[in-house]
Structures are given as C-alpha cells and as structure tokens.
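Values in this text are rule-based calculations from the coordinates and carry no lab data. Because the structure is a prediction, the values reported are computed rather than measured. Cβ: placed from backbone, ideal geometry, glycine included. Neighbour counts: every protein chain shown.
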Amino acid sequence: MPEPLSGAPLVIAGKANNALVVHALEARAERLGLYPGQPLANARAMVQPLRVVPADEKADAALLENMADWCDRFTPLVTLDAPDGLYLDISGAAHLFGGEAAMLEDVLTRIAAQGFAIQGAIAGTSLAARALARYRNRTIAPPGGAAKAVSPLPIAALDCDAKALRALRHAGLKSVGQVAQRQPGELAARLGQDFVRRLRVMLGQAQDPLAPRRPLPDLMAEQRFADPVVSRDVTAATLLALAQSLCGLLERQGRGARILQAAFFRADGKTERIAVRMAAPLRDPAVMLRLLNQKLDALADPLDPGFGFDLIRLEAVLAEETKSATVSFDVDANARRQVLFLIDRLSARLGESRVLRFLPQDTHIPEAAAAAIPAQDDDFEDGAWPAPADPPPRPLRLLERPEEISHVVAAVPDAPPARFRWRQCLHEVARAEGPERIAMQWWHHPGATRDYFRVETRSGQRFWLYRDGLYRQAGLAPRWYLQGIFA
Amino acid sequence: MNNSAKIAELRHSLARHASGAAGQTAVPLGHAAADRVLGGGLKAGALHEVFAEDWGGGGFALLLAARLTTRLTTRLATRLASARTDRPAPLFWVRGDYAAREYGALDPMGLAALGVDPRGLVMVRAPRPADALAAAGDILACPHVGALLLEMEANPKVLDLTASRRLALAAETSGAGLVLLREGARETPSAAHTRWRARAAPSHPDDDDWGRPRFAVELVRHRSGGVGKFLMEWKSEHGCFDAADHGAVAAAPFHRQADAQGRRAV
C-alpha cells in the first residue's frame, strides 16, 4: 500500500469487546505514539487530525488466502497463520531455489514487490520460524539451532495471552531463554500444559506438523517461465510436456493418476486450478491432455492469463497402482477401458455428479432402494439386483416425491380408488392389485404405514398408488399419493 | 506395446465383421409381425424416434434401447477371472435436468424386474438440450456402447434437421443403437430411420389381473420398408417383445399387416 506523504496519519479501526480499537496503523502513526489495541478514543485524543478506516476482516482473510495460493508456487504445503501470517513447509524444496538464503530472499522480495510489508525467517519448527519472522526478520536458524536463535527474543514472542505475559513479567522473566530455563512442571502448573507444548515446539524440542490447506499431490511436474506466457499455444505445449514428464514418473512407479490437477499461477498473484477425475488409473499423456483441454473448454469463464502465467504445474493428486499390462490382448478388456474413458470424458464435460450409475441399497423403502453414484467411482460389477419378474412388482419410474391425488372415489373404504385425478387428468381404474403394505423405518423417520396398490387405468397406463396411514387411524381422512409409473 | 494394441483392435474388428457388417446389425424385437415389416429386426447403427403419447411411451423407448444393447455382448472383466459372464454392452441414457422431476426418475429395481441389468446402465444428466446433444456425440464416438437413449422434451431449437442428421450419421459410424425419445413434442421432419408412436395398452379385457407390460405402437415411418400398427408385450424373463395376441380379439385391429410394403410414410 503506497504511503500517503501528506494528510493525516492513517489507522484502521475495528471492534473488540464492544469498543472501537486501533486494529492496524501506518508507520507514521506509530511514531506518534499510537499502538495496535489502543482504544480509538484515546488515539483520537492524542493525534488530531486522524484518518480512520473501518476494518474489513473478511477481506483480510480472503487476501491471506489469495497470498497462500500464490505461495503454492514455492511449496505445495502452505498453511495459514491467521490473521496475518503464512507458514511454508520448504523441506526438500529449498535447493530448487538455490538454497535457503536465496529462497528466503526470493520469497520476501517478490512479496514486497507486490506492495506488502513483509518479514520472514526460516527455522526447524513452525513456531520458531514464526517468532523469528516477527522479532528477528530474515533470520535463518541452522538445523538444531532454533533454541539458540529464539533465546534472546522478548517474551512477547511466545504469543501467549496478556494474562500469561503479565504473570511472566511478575516472575521477572524477560526473554524466551529465561523462560526456557524454568522447570516445565512449574510452567505447566502456572500457565497450562499448552504453553509448555508451544514452548517446546519453539525451542525445536518437539514438532508441530502443519495441516496442509489442500491435499498434497502424490506426484507433480512443473514448468517455470522467466517471462510470463500468455499464448494459448504455449500453455497447451507446456501442458503436454508436463503430462509427458508426469507420466514418466508414474510409469517408473507403476502407478496411474486418478485425480489430475493443473494449476496456473498468474504473474499478478491469481491462481487458477482445474481438476479432472479418472475412473481408472491413467498414464497416457495424450489422453491426459485431451481431458484437460475438454475441461478448459467447458469452463464458464475461460482461463484468463492476465499478464501471463509464470508457473504451470500438473499434479497427480491421487495416484494408484495400475495393472502391469497396459494393453491387453483381450478384446473385452479393451472395450471396457474405452467405455471407462468415455465416462471420464462425459464427467469432464458435464461434471462428475451428472454421470451416474446405480447401486442397490439394503432397505425396503422404495425411494431409497437404489442410490445413484458418480459413474467414475465404481466399476460395472457390484450390486445384486432383483431377478426379472412377470409382471414386474416395482415401477420403472419413481416421482421425485410422491404427488397427492385428488377426487379419489373408492367403492369401499379399504379398496383402491375407482377413479382419481392426477396432474389435471381424470383416470378411471380398470384393474388394481394390492395392497402391499410397506412400513416406514420408524427408528429413522416417523412415518405412517403405506398400503400400495398397482392400478391400471382404462387406457392401459399403470400407476403405483399408496394410501398414507391405516384407514381407521384416529380422525384422519386417508390421503392418497401417486409414487410411480410402470412401463 | 503398439503392436499388441493393433492386434487387439484387429481382433475386435474381426469379431464385429463375423457378426454382420458393422452398423448393419438388425436386432430382432421378438414380435414376429413387426420384425417382418422391419426386415428382420430393428437396425442398429441408425436413429429411431419414439414419440410418447402417454406414460407408456417412455417405457417402450427404454425397452427398445435395452433390446438394442444386445447387438454386442461384452465380457466385462470381473475381479474374479473365473466369474465371467456374457453381458450386453452398456446402455447410456441422456436426459435433461428436469426430466426426472417431470417424468419420474428411474427406479433401477423396476428396471431389473423388467429383465434389464441396471449394472449396464449409465445415466447422464444434461443441463441444456445442447449439452445433451454434445454428450450424445461423445457417446456415439465410442464403438463399444450398446445403445443410447436420448430423451428430449418438446421441440428444442437445437434439435433441428441438421442435428438429427448428425445423430443419424454418428449412430451409423459407431454401430450403436440410438433411440430418441420425444415427450410432448410435435412431429417434425428428421433423418430418423424409423419413427414410432407409442402408448400403453390395456390388459386383455377378459383378464381380471394385469399381466406383462403392453404397448400399442404404431410404426409411422420407415425408410426401408413398410409401416404398421402392433400390439406388443414385453417378456421380462427373455428380455424381448412378443405379440400380445392371446385371445386374439384385441390384437386384430392393431394388425394392419405389412401389405403396405414399399409404401413410404412421410
């Protein structure tokens, strides 16, 4: 954010404990003696005039998320340290950027170039790096040197609440090193077990694994560009090259990709991702490229390169073992693979929840007897279905929810209707079979017992009707519903 | 690796040629009179239009498509190599998002009861008619698809004569059976090989109980033969149609026999 050279000092005010307090402030305001957390009224009394802007925490959080996306280019494991920090796990990644020092320099200058005030540090554990970044900018703690690096830091670096901080001050402890010399038992009794755990992490005596924001890919290939690329041709050629090298990796491990994700990092910080799922493990670059292109074509907003992409990455988010023979002599295995590939193409075009197969469920409730699942999730084999029957006992089609029928006329109270009206059509029943009584699962959802009738109208259409509840249930007129249509 | 792929492909095309020229397979429906008019059976690799006149029409279209899947039997590999069974090639059903709400969602239990294996069915839901046509193009590009049931409500603009020619051509190239189910639609010119009007038919008047599903269908247009009206019954345990002529009283008026051979209905 460019610092205004003239005008009143700027502070951002937000609500805390029902009072307006200073949330953040610019360097000029800090020099005038204002500080974060100060009641706004006090700040106004000290400095006049003061430019106050209300805080927007949602926008701040979104900005941090965007920055985390952008930082994915350095390592796939990025974690948020809300409200204003990011952890990057660079284990095994630093050598790609010419060592830790060069990498830290690279990260800091590139973020600073985007107009942020930024501090950073590298250490063996997350909390040690956090403390160093905030109090000893640009420090790199050597392996095993975290304790030595954080010892001189003030106790504020422990990031504990005000009460604990006051307690430590009362005890005469001024630096992290002094706190570390106390017995853990003492500290735990006074400040809680969590404090001791955090202190151990900060001193490098314990690890606190980071939870990744998105699933870590099993394998990936990436291409960096010195100059951002804009043209669609270069993007496509890069994707093909990446697919080839990814397939090489997969082949060496005898695996294939089930979920493929392409990430496009724009030079201006925006990141676009597209993911493709496969029904069977895949390691054919041409097929990968075709699926990705199809997905790109199906995007509602076309991929916008803006000022160009400076990094394109292809990840096998999920890789699975493949069977050794990639091409079989078996005609049918070939046919099966082509059908699976067709399902992949349809899923990429329409979305996986629109390409469905059915699995029988273990229930007698008609509308729940079968589940529709994405066709990619399953092969063509599972499920035990009922045997063919003449005439079929179940309808071919079920309405999404049973529709009430009106003007029901029945000969005797317990009998099926002789005439009814449904969707503005009057139907005369010529034949009826039933009742078939189906009780609802009262332990799941209380519902009345249903008496089902199969009826055939004079014109030959066959419907599945039910009466909701028993006929002589206290004071209720029976209601009739139409639930299904037979072939 | 490429050689073995080639060999697999050759074996496949041999297998197809052995069972008749690709795209020219005729699948008998089981109804003798209808098969005679159709010249042996319903042609796979061609576009067949079914106009549903009531709730029975959709069922007829689905069963027609299921019947067409038997043009190819694939052995879908099981996890246990020994437990292989011959099975019809997969059936794809493409329908719009609102079709399930309007015309009812498929109940696979009912489908299985009709003798059609739900394991071979892939349901594709398309948000717009244009997407349905694009998906149909994808599906017909795969030669291992048994049949495609494409459900279209009313008369969408994208389904014009060109689109129907394209569909017919794609079906011819792939050899898959293509049934276009039209619900609540006007009949407009199309490139269909056959056009049917279908509705449910009542059970025999002398029966108190109902029996097999029955359809009163009318073949109103046939590019290479006659037309006619038929009363069909679906035999679940055999998975085919049959004449619904026991008693023979009701059947007679529907059999306007194929003396119309050679006359082309438009």
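Using alpha-carbon positions, what is the distance between the centroids of the stretch B:88-134 and the stretch A:387-426, in Å?
Each part's Cα centre sits 23 Å from the other's.
Taking the Cα centre of chain A as origin, work out the dipole magnitude from +1 charges on Lys and Arg Cβ and -1 charges on Asp and Glu Cβ, in debye rounded to 20.
Dipole of chain A, to the nearest 20 debye: 1240 debye.
Two decimals is fine: what is log10 I(q)/I(0) at q = 0.06, 0.10, 0.11 Å⁻¹ for the protein assembly as shown, from a Debye sum with one equal scatterer on every Cα and no solvent?
Computed log10 I(q)/I(0) values: -0.57, -1.03, -1.14.
So what's the angle, to the nearest 10 degrees on a 0 to 90 scale, between helix A:285-298 and the longest Cα principal axis of chain A?
Long axis of A:285-298 versus the principal axis of chain A: about 80 degrees.
Can you compute the FRET efficiency between residue A:109 and residue A:82 using 1/(1 + (r/R0)^6), with r the Cβ-Cβ distance and R0 = 25 Å? Round to the nearest 0.05.
So, using R0 = 25 Å, E works out to roughly 0.55.
According to the square roots a ≥ b ≥ c of the eigenvalues of the Cα gyration tensor, what is the shape class of the stretch B:26-260, taking rounded for a/c under 1.5, prolate for a/b larger than b/c otherwise, and oblate for the remainder? List each step's numbers first, then the result.
Working: a/c = 1.44, a/b = 1.16, b/c = 1.24.
It is rounded, given that a/c, with a ≥ b ≥ c, falls under 1.5.
Compute the long axis of helix A:100-113 from its Cα atoms, compare it with the longest principal axis of the Cα atoms of chain A, and write down the angle in degrees, 0 to 90, nearest 10.
80
Of B:43/B:157; B:43/B:235; A:270/A:295, which ones are farther than 24 Å apart at the Cα?
From B:43/B:157; B:43/B:235; A:270/A:295, over 24 Å: B:43/B:157.
Among the lysines, select those whose C-alpha is under 25 Å from the C-alpha of residue A:15, and discard any that sit fewer than 8 residues away in the same chain.
A:58, A:163
For the modelled label position 7 Å from the Cα of residue A:159 along Cα-to-Cβ, which residues of the stretch A:107-136 have backbone nitrogen atoms closer than 19 Å?
Under 19 Å, as judged by backbone N against the label point of residue A:159, lie A:108, A:117-136 of the stretch A:107-136.
Given C-alpha coordinates of the stretch A:237-342, what is the ratio Rg to Rh with the Kirkwood estimate of Rh?
1.02
Reachable aspartates and glutamates from residue B:6, Cα under 19 Å, same-chain residues fewer than 8 places away excluded?
Within the straight-line cut-off, residue B:6 pairs with A:284, A:330, A:332.
Stretch residue A:15-residue A:303 to full length: gain in nm at 0.36 nm per residue minus the Cα-Cα span?
Roughly 99.8 nm would be gained on extension.
Assign one of three labels to the stretch A:68-202, namely rounded, prolate or oblate, based on the Cα gyration tensor with a ≥ b ≥ c the square roots of its eigenvalues; rounded applies when a/c is under 1.5, prolate when it is not and a/b is larger than b/c, and oblate otherwise.
Prolate is the answer for the stretch A:68-202, as a/c is 1.5 or above and a/b outweighs b/c.
How long are the three semi-axes of the equivalent ellipsoid for the stretch A:261-305, computed from the Cα gyration tensor as the root of 5 times each eigenvalue, in whole Å, largest first?
22, 12, 9
Calculate how many DSSP beta bridges within the stretch A:10-55 are antiparallel, expressed in % of all such bridges and rounded to the nearest 5.
65
How much of the DSSP bridge set in the stretch B:26-260 is antiparallel, in percent, rounded to the nearest 5?
Counting DSSP beta bridges with both partners in the stretch B:26-260, the antiparallel share is about 45 percent.
For the pair residue A:136 and residue B:5, how long in nm is the line joining their label points, each one 7 Å along Cα→Cβ?
The answer from the label model is 5.8 nm.
At residue A:226 and residue A:178, where each label point lies 7 Å from the Cα along Cα→Cβ, what is the point-to-point distance in nanometres?
Inter-label distance under the simple model: 5.4 nm.
For labels at residue A:377 and residue A:95 in the simple 7 Å Cα→Cβ model, what's the distance in nm?
4.2
What value, in deg cm²/dmol to 500, does the helix sum -39500 (n - 2.57) over DSSP H runs of n ≥ 4 give at 222 nm once divided by the residues of chain A? Let's see the in-between values first.
Values: 13 runs with 145 residues, N = 487.
The per-residue figure over chain A is -9000 deg cm²/dmol.
What ³J(HN,Hα) values, in whole Hz, does the Karplus curve 6.51 cos²θ - 1.76 cosθ + 1.60 give for the stretch A:173-181 when θ = phi - 60°, with x put for Gly and Pro?
8, 10, 10, 4, x, 5, 5, 5, 6
Counting Lys and Arg as +1 and Asp and Glu as -1, each charge on the Cβ, what is the dipole of the stretch A:346-443 about the Cα centre in debye, to the nearest 20?
That gives a dipole near 560 debye.
On C-alpha positions alone, give me the angle between the axis of helix A:331-350 and the longest principal axis of chain A, in degrees, nearest 10.
Around 70 degrees separate the two axes.
Subtract the Cα-Cα distance of residue A:119 and residue A:449 from 0.36 nm times their separation in residues, and report this length gain in nm to one decimal. Each step should come with its number before you reach the end.
Details: separation 330, 0.36 × 330 = 118.80 nm, distance 6.76 nm.
My answer for the length gained is 112.0 nm.
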